[in-house]
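First comes the structure, then the notes that go with it.
The values are calculated or read from the model by the stated rules, or taken from the named source; none is laboratory data. Treat the numbers as computed from the prediction; the structure is a model and nothing was measured. We place every Cβ from the backbone using ideal geometry, glycine too, and count neighbours over all the protein chains shown. Note: accessible area is taken over every heavy atom of the protein model, side chains too, but ligands, DNA and RNA are not part of it. Shrake-Rupley method; radii C 1.70, N 1.55, O 1.52, S 1.80 Å.
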Number of protein chains: 2
Amino acid sequence: MAEQKKMVEAITPMEEDFAQWYTDIVKKAELMDYSSVRGCMVIEPYGFALWENIQHFLDTRFKELGHENVAMPLFIPESLLQREKDHVEGFAPEVAWVTMGGSEQLEERLCVRPTSETLFCDHYAKVIHSWRDLPKLYNQWCSVVRWEKTTRPFLRSVEFYWQEGHTMHETAEEAKAETERMLNVYAGFCEQQLAIPVIKGRKTDKEKFAGAEATYTIEAMMHDGKALQSGTSHYFGDGFARAFNVTFQGRDNSINYPHQTSWGMSTRIIGGIIMTHGDNNGLVLPPAVAPVQVVVLPVAQHKPGVLDKAYELRDRLKGSFRVKVDDGEQSPGWKFAQYEMKGVPLRLEIGPKDMEKGQCVLVRRTDREKIFVPLDQLEARIAEQLDIVRQQMYDRALERRESMTYAAGTLEEMKRTADEKPGFIKAMWCGELACEEKLKEVAGVSSRCIPFEQEKVGDVCVCCGRPAKSMVYWGKAY
Amino acid sequence: MAEQKKMVEAITPMEEDFAQWYTDIVKKAELMDYSSVRGCMVIEPYGFALWENIQHFLDTRFKELGHENVAMPLFIPESLLQREKDHVEGFAPEVAWVTMGGSEQLEERLCVRPTSETLFCDHYAKVIHSWRDLPKLYNQWCSVVRWEKTTRPFLRSVEFYWQEGHTMHETAEEAKAETERMLNVYAGFCEQQLAIPVIKGRKTDKEKFAGAEATYTIEAMMHDGKALQSGTSHYFGDGFARAFNVTFQGRDNSINYPHQTSWGMSTRIIGGIIMTHGDNNGLVLPPAVAPVQVVVLPVAQHKPGVLDKAYELRDRLKGSFRVKVDDGEQSPGWKFAQYEMKGVPLRLEIGPKDMEKGQCVLVRRTDREKIFVPLDQLEARIAEQLDIVRQQMYDRALERRESMTYAAGTLEEMKRTADEKPGFIKAMWCGELACEEKLKEVAGVSSRCIPFEQEKVGDVCVCCGRPAKSMVYWGKAY
């Protein structure tokens, strides 16, 4: 009991210090460890198993949609990075440079890829010749490096893991459809699998990806009201194709530039899972990606038959669920706290009395509700309870987002809301960069997105009072 | 037909120029492309699908044996690399150095990991405290960088892909058992799944991994008689643990250093598959890892019902096999050549006459044998034919290795054999480095391994004539 108390007390409550609460969880749930390399993480087995489940779902979905995995080099020669002007301006200040190989100075510096548009274009220029070669639908899973000054586990790190899809199409329409399709894949994954409600929309020019014509995003709200950009999909037009001289012979024999997209989701989403669902007892994991969906805890495990029963249940369930038994010597209380910390969606308790009655107890991570389940209905009831857990998680997150979303009609109202109420602010915007910059300066908020689902919360720009073009979500962001 | 001929003629026969034959295959089978980054590959979809199948098999096996995946940083600070003396001496001359982040000079250089023992030890020092924390059985899938001067696709490249397992154990015995277990996983995978016969053995001190107490290897013979080291497993004792101050409290409360292993298999094995099984028509892929196991080619596909039948067969088979239909406009001859080039194990031909008879034709990549198969027996017959293909591949490779393995009793005999006959040479060795170096100098061969299956081919060292300690396989190697 002492051990359990100690462990539970060791988490800083989120109301007291949200940043510390976050750091406590990533460490105590054993998701990651700091390394000796500034800003680079060690992703520990539990965190990596979570990432593998995320990867598996997305990878399967990408392949169903016709995408193929490839591997591009880790390095980008400086001259290649410089080929597209906006792109190099956006990324050059934050890359790591390799200048020596063995003991020799390199003739040309190589940067460690911060993203791979340039490498994909360089390759596409060699393999795309005819409209018959299109579309090219490539993806890669890798890590990328951005030389960030201030880092936080999963949210902002020098090295992070992601997938980057890069596609080339015959027409602008096809490329735009791909951009939208992949944004929808991300949104569906967040909402269905991760139980994270997201707002889909377009980034303003100020916030878009360096070199893109348009960037689309899904934005999620964290416990503290801040936004997390959770996945992005970019439409490039033929800008990179022109810069890299990627051409194809069209159906009418004319020479054309193909139209391009890229899209990515990263280990950042793990930060999003923590900050959307976690509580003061630790992590709460969405069943679809939880490394352990059901932990079997034998009660009074020294009593005859209890452990055997626990193993029997595990063996019976393991074809259908990710399940483990904890037969360790620690007290039940310690174990309860431990698996709450790790966010396991369901705890299954089985003891001598349950065995007599041919039942077990399921306890939901989300609300600690105990459900007595006859053993002969176990599979169906676990599936049902996992669905309930997911639904509870989603509903809570959506309710929170709705209760923490405000509207503002004037700059002053915007500033007051931003100062006093954490959350999103809906406000009309004229479309001018100057107003966007002023809102940042005065109210400390950035534009999160111009949502696809527009809503008229006024007629004029919240900042300048001129006629508004669109409604924008504003907020503080990770 | 012109197109087919052109394609077939475009491969240089291996008898004419083996290196060119190899390069032709990697390019024409679309496994990889050269990049703008010296020594770094673009692995194309077909090559990457092959690697994913290799990964899937090994990863499943590792997990069955209790290993967990993690992710370590891409970079190693110079001071960390230097912690273990032999290790830094072995690797420092061939690493890429990051010296700048953005526009700032780094205070300490970071190397791009050439291998990750130092990073794992640095982490293990933080998470291992008690014997209860052992064993730690970690693995990671990643790319590593070694600044090689001369590179060849898959065989030797600046960046390559691999997995590296790193484990820590309570006792030397346990660590040694792990080293052996993982070597056996690699050997089993090569022989069973890849149809590549291998020789298991220990590396001499000269050839072992920098910092290891012992390195175990599996060695395969390529078409040209050269050896390919195809997987290695290292036993470190507690050398790294001492250098990194990794300690644990033992069962008797004493403070101890854990015993360590590491083991790896890389994209090099793709080179091994090509050079073991390929022929002058292209790649020949082992069914277990082939991205496409059966290609369905409709014959006279303009005739009514043929294409529909082809799709129907694909849909019927896709739950059991990796299958695709080629319904393209190219001639059958072009398609035959194309899928031979890509090494697809079985071709399934279906045309109007077959449909009338309720049959189809299976053609094996290995010997072009045609098998007429009633459609109602299709699944069983495909499984049977894939087994036959695997067995043919293995038998041929083993027969070749046996016919190209010689014994030598004297230095002169060794030199003559090495000069005249490509292949392996079995010869006795006294165990002295001087003799090993002299054999390299005089006969141009290196020790491949001291095989576990010893055979007495003489009493005295082939070089110095003193009493021999063991029989060694010698040869030229990739």
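Here are a few things to note about the model shown:
- Near pairs, Cβ below 7 angstrom, 6+ apart or cross-chain, from segment A:36-50 (more than 7 Å from chain B (Cβ to nearest Cβ)) to any residue that is in a helix (DSSP H, G or I): A:Gly47/A:Ile270; A:Leu50/A:Ile270
- Candidates B:Leu58, B:Leu119, B:Leu106, filtered to the one that is more than 8 Å from chain A (Cβ to nearest Cβ) and either assigned to a loop (DSSP other than H, G, I, E, B) or within 21 Å of B:Gly264 (Cα to Cα) (or both): B:Leu58
- A:Met7 falls short on exactly one of the conditions (1) at pLDDT 95 or above; (2) surrounded by fewer than 19 Cβ atoms within 10 Å (Cβ to Cβ), and that condition is (1).
- Consider segment B:339-383 and keep the residues that are in contact with a strand residue (DSSP E or B) (Cβ under 8 Å, 6 or more places away or on another chain) and small (Gly, Ala, Ser). The one that is nearest to B:Ile11 (Cα to Cα) is B:Gly343.
- Residues that are facing another protein chain (nearest Cβ under 10 Å) and small (Gly, Ala, Ser) were ranked within segment B:83-97; the one that is most open to solvent (accessible area, probe 1.4 Å) is B:Ala92.
- A:Gly201, sole failed condition from (1) part of a loop (DSSP other than H, G, I, E, B); (2) modelled with pLDDT of 95 or more; (3) not hydroxyl-bearing (Ser, Thr, Tyr): (1)
Condition check ((1) hydroxyl-bearing (Ser, Thr, Tyr); (2) part of a strand (DSSP E or B); (3) closer than 28 Å to B:Glu455 by Cα) across all residues:
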site: B:Trp147; (1), (2), (3): no, no, no
site: B:Phe154; (1), (2), (3): no, no, no
site: B:Thr167; (1), (2), (3): yes, yes, no
site: B:Lys176; (1), (2), (3): no, no, yes
site: B:Met182; (1), (2), (3): no, no, yes
site: B:Gly188; (1), (2), (3): no, no, yes
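- Pairs, first without any contact (Cβ under 8 Å) to a residue 24 or more places away in the chain in segment B:315-338, second among the aromatic types (Phe, Trp, Tyr), C-beta under 9 Å, six or more apart: B:Gly328/B:Trp334
- Residues in segment A:348-386 that are within 32 Å of the chain's Cα centre (by Cα), open to solvent by 30 Å² or more (accessible area, probe 1.4 Å) and touching a residue at least 40 places away in the same chain (Cβ under 8 Å): A:Glu379, A:Ala383.
- When each of B:Glu356, B:Glu340 is tested for being under 30 Å from B:Lys27 (Cα atoms), among the charged types (D, E, K, R), part of a helix (DSSP H, G or I) and outside the structural domain of B:Asp24 (by the TED database), the lone residue that passes is B:Glu340.
This table checks each residue for (1) out of contact with any Lys or Arg (no Cβ under 7 Å at 6 or more places or on another chain); (2) within 29 Å of B:Glu436 (Cα to Cα); (3) in the same structural domain as B:Trp263 (by the TED database); (4) open to solvent by 20 Å² or more (accessible area, probe 1.4 Å).
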{"position": "B:Trp131", "(1), (2), (3), (4)": "no, no, yes, yes"}
{"position": "B:Trp147", "(1), (2), (3), (4)": "yes, yes, yes, yes"}
{"position": "B:Val158", "(1), (2), (3), (4)": "no, yes, yes, no"}
{"position": "B:Tyr161", "(1), (2), (3), (4)": "yes, no, yes, yes"}
{"position": "B:Glu174", "(1), (2), (3), (4)": "yes, no, yes, yes"}
{"position": "B:Leu183", "(1), (2), (3), (4)": "no, yes, yes, no"}
{"position": "B:Ile199", "(1), (2), (3), (4)": "yes, yes, yes, no"}
{"position": "B:Lys206", "(1), (2), (3), (4)": "yes, yes, yes, yes"}
{"position": "B:Phe209", "(1), (2), (3), (4)": "yes, yes, yes, yes"}
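- Scan of segment B:15-27 for residues that are open to solvent by 30 Å² or more (accessible area, probe 1.4 Å) and under 16 Å from B:Arg152 (Cβ atoms), ordered by number: B:Asp17, B:Phe18, B:Ala19, B:Gln20, B:Thr23, B:Lys27
- When the test is whether a residue is assigned to a helix (DSSP H, G or I) and β-branched (Val, Ile, Thr), B:Val88 passes it.
- Just one of the listed residues (B:Leu283, B:Leu317) is within 24 Å of B:Asp387 (Cα to Cα) and surrounded by fewer than 23 Cβ atoms within 10 Å (Cβ to Cβ), and it is B:Leu317.
- Among the residues of segment A:125-151, just one is among the aromatic types (Phe, Trp, Tyr) and more than 10 Å from chain B (Cβ to nearest Cβ), namely A:Trp131.
- Residue match in segment A:406-417 (condition: among the hydroxyl-bearing types (Ser, Thr, Tyr) and touching a Lys or Arg at 6+ places or on another chain (Cβ under 7 Å)): yes
- Filtered residues of segment A:306-348 (kept if touching a Phe, Trp or Tyr at 6+ places or on another chain (Cβ under 9 Å) and under 11 Å from A:Val296 (Cα atoms)): A:Val325, A:Asp326, A:Asp327, A:Leu346, A:Arg347
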